[in-house]
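Here the structure comes first, spelled out in structure tokens, and everything after it is commentary.
The values are calculated or read from the model by the stated rules, or taken from the named source; none is laboratory data. Computed from a prediction, not measured in an experiment: that's the story for all the values here. Cβ placement follows ideal geometry from the backbone for every residue including glycine, while neighbour counts extend to all protein chains displayed. The area values use the complete protein model at the heavy-atom level, side chains included, leaving out ligands, DNA and RNA. Shrake-Rupley method; radii C 1.70, N 1.55, O 1.52, S 1.80 Å.
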Amino acid sequence: MTLMQNAITAAPLLSVHGLTKRYGPRIGCADVGFDLYPGEVLGIVGESGSGKSTLLSCLAGHQRPDQGRILFDGADVLGYSEAERRRLLRGDWAYVHQNPRDGLRMGVSAGGNIGERLMAVGARNYAAIRKSATDWLGRVEIATDRIDDRPSAFSGGMQQRLQIARNLVTGPRLVFMDEPTGGLDVSVQARLLDLLRGLVRDLGLSVVIVTHDLAVVRLLADRLMVMKSGRVVECGLTDQVLDDPQHAYTQLLVSSVLQV
Ligand SMILES: Nc1ncnc2c1ncn2[C@@H]1O[C@H](COP(=O)(O)OP(=O)(O)OP(=O)(O)O)[C@@H](O)[C@H]1O
């Protein structure tokens, strides 16, 4: 099914209305709203301090917004109990941190990092867990004979790929990504982007991805939301927004990249 057909026939997987978060007098994000459809990738871009991280952390339940509604599959997640929220974060939702150290357990083997998330959703058969871990290491292009190594023995790019495997092993329906290629060398970024693009396509993932890198959204995102000073200033199909930006701020963002 094409994206357009999805948008017509499917209900949104994630529906956000009037999301606002303040830090004292300072605005983190204000009155943000959007729908994300199954299998769709939404990119959120903007300069430093524009509110991208605040928005993502409110969406993923890491902090509570002051106002607004977040509906996941029609359910109001801000009304969830702590236990319900944790269950969501362990299985149906995934969160890929910019720094893999924030999303991995560095003292646990690579296989253990993947297996642990499976166990958190009820897997108990050791052989099956190890097989899934081996399969996922292969999928993220980590040699399977590294399964018993700790992530601290991995390069930055390998750690990020392991974090992705740990997140995707439970088959989440919604993945949040915070600058997943940030802090990596350019060639390592390119390989990771390629891998992410393949996984998004093959698994039909629904993703909200925050980045300041327009090349990342150009490759991954179906739709783009541009933020400035905590507010959404432009939203549309990625090509449309990048090739024909309407808002002066988006024009500045796009032209500053073209000049580099
Ligand atoms: N914990 C906090 N306490 C106070 N103000 C904060 C806090 N976190 C963010 N802010 C403020 O909220 C606004 C949005 O910041 P945010 O980190 O969400 O932007 P960003 O677009 O993610 O920036 P970056 O790309 O640098 O991470 C900024 O004015 C920032 O100073």
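Report whether or not residue 70 is more than 16 Å from the ligand (Cβ to nearest atom), surrounded by 19 or more Cβ atoms within 10 Å (Cβ to Cβ), closer than 25 Å to residue 20 by Cβ and not basic (Lys, Arg). Yes; evaluated as a whole, the condition is true for this residue.
Just to be sure, is residue 35 at pLDDT 95 or above and farther than 26 Å from residue 219 by Cβ? Before you say what the answer is, go through the steps one by one.
On the way: at pLDDT 95 or above: yes; farther than 26 Å from residue 219 by Cβ: no.
When the stated conditions are applied, residue 35 does not pass them.
Mind listing just one residue for me: the one in region 190-214 that is open to solvent by 40 Å² or more (accessible area, probe 1.4 Å) and touching a Ser or Thr at 6+ places or on another chain (Cβ under 9 Å) and, of those, farthest from the ligand (Cβ to nearest atom)? The selected residue is 190. With respect to (1) under 26 Å from residue 197 (Cβ atoms); (2) more than 16 Å from the ligand (Cβ to nearest atom); (3) open to solvent by less than 10 Å² (accessible area, probe 1.4 Å); (4) in the same structural domain as residue 233 (by the TED database), the lone exception for residue 59 is condition (2).
Residues that are more than 30 Å from residue 13 (Cα to Cα), among the charged types (D, E, K, R) and either open to solvent by 20 Å² or more (accessible area, probe 1.4 Å) or not assigned by the TED database to the domain that holds residue 201 (or both): does region 96-105 have at least one?
There is no residue in region 96-105 that is more than 30 Å from residue 13 (Cα to Cα), among the charged types (D, E, K, R) and either open to solvent by 20 Å² or more (accessible area, probe 1.4 Å) or not assigned by the TED database to the domain that holds residue 201 (or both).
Only one of 187, 155, 132 is hydroxyl-bearing (Ser, Thr, Tyr) and not assigned by the TED database to the domain that holds residue 109; which? Within the list 187, 155, 132, the selection yields 187. Residues in region 168-177 that are surrounded by fewer than 23 Cβ atoms within 10 Å (Cβ to Cβ) and touching a Lys or Arg at 6+ places or on another chain (Cβ under 9 Å): 168, 170. With respect to residue 219, determine if the residue is without any contact (Cβ under 8 Å) to a residue 60 or more places away in the chain, open to solvent by less than 10 Å² (accessible area, probe 1.4 Å) and not hydroxyl-bearing (Ser, Thr, Tyr). So residue 219 does not fit the description; no. Among the residues of this structure, residue 64 counts as one that is charged (D, E, K, R) and within 16 Å of the ligand (Cβ to nearest atom).
For region 24-33, the count of residues that are part of a loop (DSSP other than H, G, I, E, B), more than 20 Å from residue 92 (Cβ to Cβ) and either open to solvent by less than 20 Å² (accessible area, probe 1.4 Å) or within 11 Å of the ligand (Cβ to nearest atom) (or both) is at least one. Scan region 222-245 for residues that are in contact with a Gly (Cβ under 8 Å, 6 or more places away or on another chain), away from the ligand (no atom under 16 Å from the Cβ) and outside any helix (DSSP H, G or I) and the total you get is 1. Looking only at residues of region 34-56 that are away from the ligand (no atom under 13 Å from the Cβ) and of a type in the set (Asp, Glu), we find that the one that is surrounded by the fewest Cβ atoms within 10 Å (Cβ to Cβ) is 35.
Note on region 87-141: residues that are of a type in the set (Asp, Glu) and within 20 Å of residue 195 (Cα to Cα) total 2.
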